[in-house]
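Here's the structure, in structure tokens; my notes come after.
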Amino acid sequence: VSLHKPEIKLESLKEDIKDFLKTSGWEKKLQNAVYSELNVFPSPCHPAAPPEHMKEPLAYMRKAQGSWEKRILKSLNSMCTELSIPLAQKRPVSEQKELLNKWNEMGTDEPDLSLFRPVYAPKDFLEVLMNLRNPNYENGEQPSFRSHLGLIQVPLKVKDIPELKEDFSELGLNIGQLGIDDSAQVPPELFENEHVRVGQKVLAEQDSAAAQQYVRQGCPTALRADLWALILNISNQPEDILYYEQLKSNVIQHDLLVDSLIYKDVKLTASNDDYYFVFEDYLYQVLLCFSRDTSVLDHFTYSSATPPKSYIRGKLGMEEYAVFYPPNGVIPFHGFSMYVAPLCFLYHEPSKLYQIFREMYVRFFFRLHSISSHPSGIVSLCLLFETLLQTHLPQLFYHLREIGAQPLRISFKWMVRAFSGYLATDQLLLLWDRILGYNSLEILAVLAAAVFAFRAVNLMEVTSLAAAEAVLADLSTLKVMPLLQIFLFATVT
């Protein structure tokens, strides 16, 4: 329409379009969209690299992920057979009406889930990671790597403390942080007031990159929901709300076997959590819609995982009768609902909560339960955690190893869940601020090592895995930021 205006001249078209984008606010929207893509998609591979390298460059990692997926599917299929329940079926009309009526209070529903079991738990996944080997290393004795005494035995490059210090420089001891109460340099209330003022300015500017830089020092509670949405480029437009409603109607119409797995998981985890039990209904809504969302399949272009397929009855192996199952390609495991639970504190509008979770999942959380060589992948996080402990607390590391309490056996579940359900919520959100700020999950491994450092004196006295677990059973009183700062910046290297 604007182009037909008489004042638009062909010779100045380029400049006019630039001006129009600026004045209409579209320039910022385009910048944020591009920035969002850059944050999510991996940098381009070598032009000659085969497409599977986009997913995972190391062949042995791809192979391990493939056989792990087969195991999960086998577990799912055997549950179907045992309980003689189909993977998916249309709900009878009466059941559809009932579900629609109680959509906002699904937690009151008590279906009998005693026969369902989680498809796998984090400890099953750890066993798989412990058996990972690079076939090229088997014969060559690589002394540097052979000295790694942890459970993870694959040679990936992980950062040392000097590199982490450089990467996480905004967490330095002389820089103001939210989540530090007694910083000597700046009185906390002075820093906080100024930080809130800057945060409001960042929001007014609507610039994703600025917001991401800003949250590295922590988010003020009142601004967090808006800042995270800005970083993740979520605006909750009418079409997004409509999309969510379509997913909801898919849930109402079709009953999937994974629905029961989701119910069971929420009942086993969030419903028993002092912080999160009140959000039970939100969790069902978000997770049931998530399982139907085919847009989640896009992340498999840069994930080492592949969505599982199911065949229409009697058509096994015939590709034209194959469908992804569940439709989003993600089979939930024990603890999966804890990725959503903390977000319920920030977002009370279901479609917004849904979009934020989906974006957090396709950017970060999928890496915590797939096998890859990515620096934010769970294998690298485990190796980083073990290397930090072995290098900086060697006595503690050897002691725990000698008594059969390998530290990773304790910290693995924290990292797989991004500490959700282990830390107090205010502390967890300060940690997740930094995940978003640095666009990396490496901070999870650093925090896990810092927790061991903090409890080192008590841990040196234990004589069994059970006793070590008891020392670390309750993390709810820990303050995340001081732990991270002391470990990174006060450790003698």
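Collect the residues in the stretch 451-474 that are farther than 17 Å from HIS399 by Cα and either charged (D, E, K, R) or surrounded by 18 or more Cβ atoms within 10 Å (Cβ to Cβ) (or both), keeping them in residue-number order.
Here is the first cut: in the stretch 451-474, the residues farther than 17 Å from HIS399 by Cα are 473-474.
Scanning the stretch 451-474 gives a single hit, ASP474.
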Is at least one residue of the stretch 290-297 acidic (Asp, Glu) and within 23 Å of the chain's Cα centre (by Cα)? yes
Where residues in the stretch 25-45 are open to solvent by 50 Å² or more (accessible area, probe 1.4 Å) and modelled with pLDDT of 70 or more, which of them is nearest to HIS299 (Cα to Cα)? GLU37
When you scan the stretch 61-70, how many residues do you find that are open to solvent by 30 Å² or more (accessible area, probe 1.4 Å) and over 11 Å from PRO308 (Cβ atoms)? 3
If a residue must be within 15 Å of ILE356 (Cα to Cα) and crowded, with 19+ Cβ neighbours inside 10 Å, how many such residues does the stretch 235-273 contain? 1
With the requirement that a residue be among the hydrophobic types (A, V, I, L, M, F, W, C) and at pLDDT below 90, what does the stretch 91-138 give you? MET106, LEU113, LEU115, PHE116
Does the stretch 274-293 hold any residues that are acidic (Asp, Glu), surrounded by 19 or more Cβ atoms within 10 Å (Cβ to Cβ) and outside any helix (DSSP H, G or I), and which are they? ASP293
Given the condition over 24 Å from TYR120 (Cβ atoms), in contact with a Ser or Thr (Cβ under 8 Å, 6 or more places away or on another chain) and surrounded by fewer than 21 Cβ atoms within 10 Å (Cβ to Cβ), answer yes or no: does some residue in the stretch 401-412 qualify? yes
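Of all residues in the stretch 377-393, which are open to solvent by 10 Å² or more (accessible area, probe 1.4 Å) and touching a helix residue (DSSP H, G or I) at 6+ places or on another chain (Cβ under 8 Å)? Even if it seems obvious, please write down each step before you answer.
Narrowing the stretch 377-393 to residues open to solvent by 10 Å² or more (accessible area, probe 1.4 Å): 387, 390-393.
If the condition is that a residue be open to solvent by 10 Å² or more (accessible area, probe 1.4 Å) and touching a helix residue (DSSP H, G or I) at 6+ places or on another chain (Cβ under 8 Å), then GLN390, THR391, HIS392, LEU393 are the ones that fit.
If you take the residues of the stretch 193-209 that are polar (S, T, N, Q) and more than 25 Å from the chain's Cα centre (by Cα), which of them is surrounded by the fewest Cβ atoms within 10 Å (Cβ to Cβ)? So that I can check it myself, show each step before the final result.
Step one: list which residues in the stretch 193-209 are polar (S, T, N, Q), which gives 193, 200, 206, 208.
Checking the rest, the ones that are also more than 25 Å from the chain's Cα centre (by Cα) come to 193, 200.
Working: ASN193: 11, GLN200: 14.
Ranking the qualifying residues of the stretch 193-209, first place goes to ASN193.
Of the residues that sit in the stretch 475-493 and are among the polar types (S, T, N, Q) and farther than 17 Å from LEU428 by Cα, which one is least open to solvent (accessible area, probe 1.4 Å)?
From the stretch 475-493, those among the polar types (S, T, N, Q) are 476-477, 485, 491, 493; that's our starting set.
Going one step further and asking which of them are farther than 17 Å from LEU428 by Cα, we end up with 491, 493.
Details: THR491: 33, THR493: 99 Å².
Here the answer is THR491.
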For ASN233, which of the numbered conditions (1) without any contact (Cβ under 8 Å) to a residue 40 or more places away in the chain; (2) touching a Ser or Thr at 6+ places or on another chain (Cβ under 7 Å); (3) of a type in the set (S, T, N, Q) fails to hold? (1)
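Considering only residues that are part of a helix (DSSP H, G or I), of a type outside the set (D, E, K, R) and more than 23 Å from THR269 (Cβ to Cβ), look in the stretch 81-115 and name the one that is least open to solvent (accessible area, probe 1.4 Å). Before the answer, list the steps.
To start, the set of residues in the stretch 81-115 that are part of a helix (DSSP H, G or I) comprises 81-83, 93-101, 103-108.
Going one step further and asking which of them are of a type outside the set (D, E, K, R), we end up with 81, 83, 93-94, 96, 99-101, 103-104, 106-108.
Now drop any that are not more than 23 Å from THR269 (Cβ to Cβ), which leaves 81, 93-94, 96, 100-101.
Numbers: THR81: 108, VAL93: 97, SER94: 85, GLN96: 38, LEU100: 94, ASN101: 127 Å².
Here the answer is GLN96.
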Kindly check whether there is at least one residue in the stretch 364-375 that is in contact with a helix residue (DSSP H, G or I) (Cβ under 7 Å, 6 or more places away or on another chain), open to solvent by 10 Å² or more (accessible area, probe 1.4 Å) and over 24 Å from LYS70 (Cβ atoms). yes
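Pull up the stretch 400-459, narrow it to residues that are acidic (Asp, Glu) and more than 16 Å from the chain's Cα centre (by Cα), then point me to the one that is farthest from ASP274 (Cα to Cα).
First, pick out the residues of the stretch 400-459 that are acidic (Asp, Glu): 402, 426, 433, 442.
Those still in the list that are more than 16 Å from the chain's Cα centre (by Cα) too: 402, 426.
Numbers: GLU402: 36, ASP426: 13 Å.
Here the residue is GLU402.
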Conditions (1) surrounded by fewer than 21 Cβ atoms within 10 Å (Cβ to Cβ); (2) more than 20 Å from PRO122 (Cβ to Cβ); number of the one not met by PHE333: (2)
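Return the residue satisfying two criteria in turn: it lies in the stretch 4-23 and is more than 26 Å from GLN206 (Cβ to Cβ) and assigned to a helix (DSSP H, G or I), and of such residues it is modelled with the lowest pLDDT. Spell out the reasoning first.
Taking the stretch 4-23 first, the residues more than 26 Å from GLN206 (Cβ to Cβ) are 4-13.
Subsequent filtering for residues that are assigned to a helix (DSSP H, G or I) retains 4, 10-13.
Numbers: HIS4: 62, LEU10: 68, GLU11: 70, SER12: 72, LEU13: 72.
The extreme case among them is HIS4.
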When you scan the stretch 309-316, do you find a residue that is in contact with a strand residue (DSSP E or B) (Cβ under 6 Å, 6 or more places away or on another chain), open to solvent by 40 Å² or more (accessible area, probe 1.4 Å) and either of a type in the set (D, E, K, R) or over 30 Å from LEU203 (Cα atoms) (or both), even just one? yes
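Being within 19 Å of PHE333 (Cβ to Cβ), touching a helix residue (DSSP H, G or I) at 6+ places or on another chain (Cβ under 7 Å) and open to solvent by 30 Å² or more (accessible area, probe 1.4 Å): is that true of PRO118 here? Working first, answer last.
Values: within 19 Å of PHE333 (Cβ to Cβ): yes; touching a helix residue (DSSP H, G or I) at 6+ places or on another chain (Cβ under 7 Å): yes; open to solvent by 30 Å² or more (accessible area, probe 1.4 Å): yes.
The answer is yes for PRO118.
When you go through SER310, SER304 one by one, which is the residue that is out of contact with any Cys (no Cβ under 7 Å at 6 or more places or on another chain), over 17 Å from TYR347 (Cβ atoms) and not in a strand (DSSP E or B)?
Numbers: SER310 fails: not in a strand (DSSP E or B).
After ruling out the rest, the residue left standing is SER304.
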Identify, please: which residue in the stretch 177-190 is surrounded by 12 or more Cβ atoms within 10 Å (Cβ to Cβ) and within 18 Å of GLN427 (Cβ to Cβ) and is, among those, modelled with the lowest pLDDT? SER183
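If we keep just the residues of the stretch 435-450 that are touching a Ser or Thr at 6+ places or on another chain (Cβ under 7 Å) and of a type outside the set (Asp, Glu), which is surrounded by the fewest Cβ atoms within 10 Å (Cβ to Cβ)?
Just the residues of the stretch 435-450 that are touching a Ser or Thr at 6+ places or on another chain (Cβ under 7 Å), to begin with: 440-442, 448.
After this cut, where a residue has to be of a type outside the set (Asp, Glu) as well, the list is 440-441, 448.
Numbers: SER440: 16, LEU441: 23, ALA448: 26.
So, considering only residues that are touching a Ser or Thr at 6+ places or on another chain (Cβ under 7 Å) and of a type outside the set (Asp, Glu), the one surrounded by the fewest Cβ atoms within 10 Å (Cβ to Cβ) is SER440.
The values are calculated or read from the model by the stated rules, or taken from the named source; none is laboratory data. All values derive from a computational prediction rather than experimental measurement. Cβ coordinates were reconstructed from backbone atoms using ideal geometry, including for glycine residues, and neighbour counts include every protein chain displayed. Accessible surface is based on the protein model in full, side chains and every heavy atom, while ligands, DNA and RNA are left aside. Shrake-Rupley method; radii C 1.70, N 1.55, O 1.52, S 1.80 Å.
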